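So the structure is just underneath, and the comments pick up after that.
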Amino acid sequence: MRDLTSDLPIRFDDVALAVGETRILSGVTLTFAIGPPTVLLGPNGSGKTTLLKLAMGLLEPTQGRITFAQRPRPTSRRRAFVFQKPMMLRRTVAKNVAYSLKMAGVPQTRPRLAGLLEQVGLAAFADRPARRLSGGEQQRLALARALARDPEIIFLDEPTASLDPFATKGVEDIITGIARAGVKVVMTTHDLGQARRLASDVVFLAKGRLCENAPADAFFNNPTTTEAQRFLAGDLVI
Amino acid sequence: MHMRRVALSAMAGCVLFLGVHASHAQDKSIVVSSTTSTQDSGLFGSILPMFKAKTGIDVRVVAQGTGQALDTGRRGDADVVFVHARSLEEKFIAEGFGVKRFDVMYNDFVLVGPKADPAKVKGGKDILSALEAIHGKGAAFVSRGDKSGTHAAELALWKAANLDPAVAKPSWYKEIGQGMGAALNTANAMPAYLLADRGTWISFKNKGDMEIVIEGDQRLFNQYGIILVNPAKHPNVKKEVGQAFIDWILSDDGQNAIRAYKIEGQQLFFPNARGSD
Amino acid sequence: MLDLILSGDANFYAIVRLSLFVTFSATVIAALIGMPMGAFVALNRFPGRDALIVVLNGFMGLPPVVAGLAVFLLLSRSGPLGPLGLLFTPLAMIIVQAVLITPIIAALTRQVVEDLWAEYREELLAMGVGPADRVGTLLWDARFSLVTILLAGFGRAAAEVGAVIIVGGNIDGFTRVMTTTIALETSKGNLPLAVGLGLVLIVLVMIVNALAWGVRRWSERHAG
C-alpha cells in the first residue's frame, strides 16, 4: 500500500547539536519543502552531514525543535538517505534493491526491480555480488536502493566525494533525473563546481553555523557573509 | 531463509534418528557398572557376545574405578554391579543398594617392577616381605589411589605388613588417582613397582622394561562379585533382564565362557561361582 | 592399524559414524541456540547486559570435566532429569557437547554481530529495518564468519574426551566414540593404535573444514 502520509515540510527551529562539550551545530533555522534541489555547501567539518542526518531523523537535536509536517517525528517511509560510503549487503545487486523494496513495504515485482536497475544504469550487473562493484557503481546501487522507497525526499551525503569525474557525471545525471521527477533532493557537498551545477537553493554552513540560505544565483553572485565570500574565493575557512 | 531450513531439517533428522535408535535399544538391554581393569582385560569383549547370541540382551558395560562403579549402582544409573572388592560390596548390600552378592570368578594380582629391581625383591614368594623391602629401600612405587578394587587390595596388603605409606605419603609413594592402564604407563615411564591384576598385565601392550617380580602369594587372590541393584531403592532397575544376566554368568554356560577366555594362551579368570553367598 | 581402516572393520566404522553423528548434532543444536542468543545480546540493550557478556565469554573457558560432571548429576537416575533415563546414551553425549560449545558459539556470534551492527547501523536505520529483521539480516550477511564459528564449535566438540566419558560411559558398541577409544587404547598401552586413531580423527576434522571452505568459495563466487 502506498504510504500516503508526508513528512514535508521539514522545519528546523533554532536547532543545535552538541556531543559532550563540542558544539557541532548551533542556531540552525530553515525549512525543506517540495521543490528543486537544495545543496548544503561548506568546508569539511562545517556540520553539513550532521544537519542532513537531523533532517532524516537519524539524529535528535540537543536544543531547538524539528518538525515534520508539523509533527515531532518523521512517520512516512517515503524518505531515503544515501551515505557517503554506502554499505553493500553481502548479496547480489538485484537482491540489494529487493531488500530495500521489502523494508520500505513496496511490492517486490520484477518490473519494478528491473526499472530501478535501469534507472541507475546497473541492469547488466543484476546478478553480480554487490561488493564487487566499483565505487561509482556502488554509489549508483545506493541510489537505486533509495529510489526503491518511492521517496518524496532524498538525502545524499557527499555522493560523489570519492569518485572520478566520469563516475561523478553518471551520478549527477541520475540526481538531476530524480529531481526532474519531482522528488525533493537535499545533498551535501564541499565541491563548489558541483554546487553550481546542481543547486537551486544553497544552504551555506561554516563551523557549525548556518551562514547563508539563498537561491543559487543570489548566493554565488552575492554572498553576504565573510565566510561565504572567502569560501567562494577559494580560501580556507578556519 | 534457506540456511534456516537446512538447519531445521538437520535437527529434525537427528531427533528422529535418536528417537528410533533409543526406543529400539531400551527394550532388551541393561547397564552393568564394572571396573576398568576388568574392561581392559578384554573379558567382556569375549563373553558378552555369547550372552547376546543366547538371549538377545545387550549388556552395556560402563567401566570405572570400583568406588565409582558402586556409586553408579547407588545412584541407580546401573542395573547390575560387577566388581572385585569384597568389603566394599558387602557395605553396598548392607546399605540396602544391592539385593544379593554372588561369587563369580577370581584372578590374581601380581607385583610388577623394573628389571633393574632396586629393592631386590624378584623371585620371592612373599608379598609382605617384598613390600617391606620396597618401603625400607624407598624404591619408587605407583599406587592407583582411586578407591578401586585394586587400590583397596593394595592398601590391605600394606596394612597387613604394618606399613602405612598412604597416610605418611613419603616421596617414593606415588598416588596417581587413575586406572590400571594409566598406572602401568606411569610405572613403566618412571620406573616404579606397581600392584597390578594379572589380566590387565598380560594384555597390556606397553610393558617396556617391566616384569612380574612377585606372584602366587595367596594374599594376592582377587575375588569378583556380582550384585543386582536393589529395585526397591531404584524402581527403574531392569530386574528381570538384570537377573537373567546374573543367572547366566553363574551358570555353567557363563562360567565356561569365563574359563575359555585366554590371552596369549593364558587363562586370566578362574570361575568359582557356588550357590549364594 | 591401517588394516582396521582398510579392511572396513564394522566396529571401527560404527565408532566413526557415532563420533560424527554426536558432534554434528551437538553443533547444530548449539548453533540454533547460540547464534540467535548472540545476535540478540549484540543488538539489544538491557539491564545486566555487560554482566551477561562477561559470563558468556567466561563460559567459553568452562572446564569440560566440570560440564561433564554437571550434566552427569543432572541426568543421573538420582538427579532431576533421572526419569528420562538419558545417562550413558548417545543423547547424553550430544547434550554435554552442546553445553560445552553453545557459549563459544554465542560469545563469538555476539562479537561478530556487534561489529557488523556498528558498520550497518545507520544504513539499516535509514532503511527502516525493524529489530526483528535486523537479526536475520545481520546473521545472513555475517554468514562466512558464522561458518568459521561453527567450525570452531565443531572442532571443540569433536575433541572432547573427559565430559563425553563421564556422561556416555564409553560403552562398547553404544557410546564409544573416537576420542574415548583413543583414551581407552592409551590406557591399555596400545599406543600405536591410539596414535593411528588420533590421525584418523584429525583427518576427519580436516575434511569437514575443507568441505566448509569449499562451500564458502562457491558461495562467494555467487553472491559475494
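The values are calculated or read from the model by the stated rules, or taken from the named source; none is laboratory data. Note that the coordinates shown come from a computational prediction; the quantities given were computed from them, not determined experimentally. Reconstructed Cβ throughout: ideal geometry from the backbone, glycine too, with neighbour counts over all protein chains shown. These accessible areas exclude ligands, DNA and RNA; they are computed on the full protein's heavy atoms, side chains included. Shrake-Rupley method; radii C 1.70, N 1.55, O 1.52, S 1.80 Å.
Here are the numbers:
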quantity: Distance between the stretch A:7-46 and the stretch B:248-277 - C-alpha centres, whole angstrom; calculated: 95 Å
quantity: Accessible area per residue in Å² at 1.4 Å probe, computed on the stretch A:132-226; calculated: 40 Å²
quantity: Span from the the stretch C:179-224 Cα centroid across to the the stretch B:48-105 one, whole angstrom; calculated: 36 Å
quantity: Principal axis box of chain C, alpha-carbon based, largest edge first, Å; calculated: 64, 47, 25
quantity: Total formal charge among the other residues, if their Cβ is under 15 angstrom from that of residue A:198, Lys/Arg +1 and Asp/Glu -1; calculated: -1
quantity: Estimated buried accessible area (total), pair B and C, 1.4 Å, Å² to nearest 100; calculated: 2600 Å²
quantity: Per residue convex hull volume, Cα atoms of chain B, in Å³; calculated: 176 Å³
quantity: Kirkwood hydrodynamic radius (C-alpha pairs) into Stokes-Einstein, the stretch A:184-235, 4 °C and 1.567 mPa s, D in µm²/s; calculated: 116 µm²/s
quantity: Positions from the stretch A:144-176 whose accessible area shrinks by 30 Å² or more when the full protein complex is built, not the chain alone, probe 1.4 Å; calculated: A:145, A:149
quantity: Reachable aspartates and glutamates from residue B:238, criterion Cα separation under 12 angstrom, eight or more residues apart if same chain; calculated: B:27, B:77, B:79
quantity: Relative contact order %, chain A, counting alpha carbon pairs below 8 Å whose residues are six or more apart; calculated: 27 percent
quantity: For chain A, radius of gyration divided by Kirkwood radius, i.e. Rg to Rh on alpha-carbons; calculated: 0.97
quantity: The stretch C:158-218: mean projected area of Cα convex hull, nm²; calculated: 4.8 nm²
quantity: Three principal axis lengths of the stretch A:11-140 [C-alpha, angstrom, descending]; calculated: 47, 31, 28
quantity: Interface residues, the stretch C:151-175 - accessible area loss of 40 Å² or more versus chain alone, probe 1.4 Å; calculated: C:171, C:174
quantity: The stretch A:76-136 and the stretch B:170-242: distance between their alpha carbon centers, rounded to Å; calculated: 71 Å
quantity: Along each principal axis, Cα extent of the stretch A:1-79, largest first, Å; calculated: 44, 24, 19
quantity: At least 30 Å² of accessible area lost relative to the chain alone, listed for the stretch C:201-224 with a 1.4 Å probe; calculated: C:223, C:224
quantity: Average projection area in nm² (convex hull over Cα atoms of the stretch B:29-174, one quarter of hull surface); calculated: 10.4 nm²
quantity: Contact surface A-C: accessible area buried, both sides summed, square angstrom, 1.4 angstrom probe; calculated: 1800 Å²
quantity: Residue-normalised accessible area of the stretch C:26-161, given per residue in Å² at a 1.4 Å probe; calculated: 40 Å²
quantity: Surrounding net charge for residue B:28, when Lys and Arg each add one and Asp and Glu each subtract one, Cβ distance under 10 Å; calculated: 0
quantity: Apportionment of accessible area to carbon and sulfur, the stretch B:16-169, percent (1.4 Å); calculated: 59 percent
quantity: Sequence-separation-based contact order of the stretch C:1-114, relative, with Cα cut under 8 Å and 6+ spacing, percent; calculated: 44 percent
quantity: For chain B: relative contact order, % (alpha-carbon pairs under 8 angstrom, 6 or more apart); calculated: 28 percent
quantity: Rg over Rh, two decimals, the stretch B:200-255 (C-alpha only, Kirkwood Rh); calculated: 1.20
quantity: Whole-number Å³ per residue for the convex hull built on Cα positions in the stretch C:32-157; calculated: 123 Å³
quantity: Compactness of the stretch A:99-238 as Cα Rg over 2.2 N^0.38 Å, two decimals; calculated: 1.20
quantity: Value of Rg/Rh across the protein assembly as shown [Cα atoms, Kirkwood radius]; calculated: 1.21
quantity: Listed residue pairs exceeding 18 Å between alpha carbons, taken from B:115/B:159; B:115/B:169; B:207/C:188; B:137/B:169; calculated: B:115/B:159; B:115/B:169
quantity: Under the Debye formula (equal points on every Cα, no solvent term), log10 I(q)/I(0) of the stretch B:155-277 at q = 0.09, 0.11, 0.16 Å⁻¹; calculated: -0.40, -0.59, -1.03
